[in-house]
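Single-structure report; data block below.
The values are calculated or read from the model by the stated rules, or taken from the named source; none is laboratory data. Since the structure is predicted, the reported quantities are computational estimates derived from the model, not experimental observations. Here the Cβ is made from the backbone with ideal geometry for all residues, glycine too, and neighbour counts use every protein chain on show.
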Amino acid sequence: MKENTAKFSKLDYQISEWMYKYGKPILRFSLAINFIWFGALKVVWDSPAQELIAATVFWFDPEFFIPFLGVWEVLIGVFLLSKRTLRLAIVLLVLQMPGTFLPFIILPEVCFENFPFVLTTEGQYIIKNLVLISAAIVVGGSVREREFIERDIKSADTE
């Protein structure tokens, strides 16, 4: 029994170490892919979100705004690819992300089948942005990670 526990502990350590070493870069690249992909679809007018965007930001001409938003998102993704431009990516993302929640305010009937809990597909598409925001916070927090480690600053969820 003790031998199995030691083997499990060693395997658990190895897996956790790998995740610690590679988790943030994988997260950063995953975010980049998401922003480049979804942005590119807007640039070429093939995004499933086009109608929702046009209806939400009705004060802008969709012929201009949707491709503009697409380019903005592609830039976020491209800037996420390099740690050198990570701060710029986070600034662009912080400016862009609040707008993604506008349909909840402007078009709640499009976002909810039964307010406030049952989301439509559009509502689910929007609420997933909470994960993108959280991922961006983790990635953005890595900009000064060495300094934080040197100063022994711990994560808020460290036991």
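A few points about this structure:
- Test result for Val74, out of contact with any Leu (no Cβ under 9 Å at 6 or more places or on another chain), surrounded by 19 or more Cβ atoms within 10 Å (Cβ to Cβ), under 28 Å from Gly141 (Cα atoms) and among the β-branched types (Val, Ile, Thr): yes
- Lone unmet requirement of (1) modelled with pLDDT of 95 or more; (2) over 17 Å from Asn129 (Cβ atoms); (3) of a type in the set (A, V, I, L, M, F, W, C) for Phe104: (2)
- Some residue of segment 25-34 being modelled with pLDDT of 95 or more, over 16 Å from the mean Cα position of the chain (by Cα) and in a helix (DSSP H, G or I): no
- Listed by position, the helices (runs of 4 or more DSSP H) inside segment 38-111 whose residues that are touching a strand residue (DSSP E or B) at 6+ places or on another chain (Cβ under 8 Å) number at least 1 are 108-111.
- Any hit, segment 3-24, residues being assigned to a helix (DSSP H, G or I) and surrounded by 15 or more Cβ atoms within 10 Å (Cβ to Cβ): yes
- Number of positions in segment 119-158 that are surrounded by 14 or more Cβ atoms within 10 Å (Cβ to Cβ) and under 30 Å from Glu109 (Cα atoms): 12
- Counting the residues of segment 82-113 that are over 22 Å from Pro48 (Cβ atoms) and surrounded by fewer than 17 Cβ atoms within 10 Å (Cβ to Cβ) gives 9.
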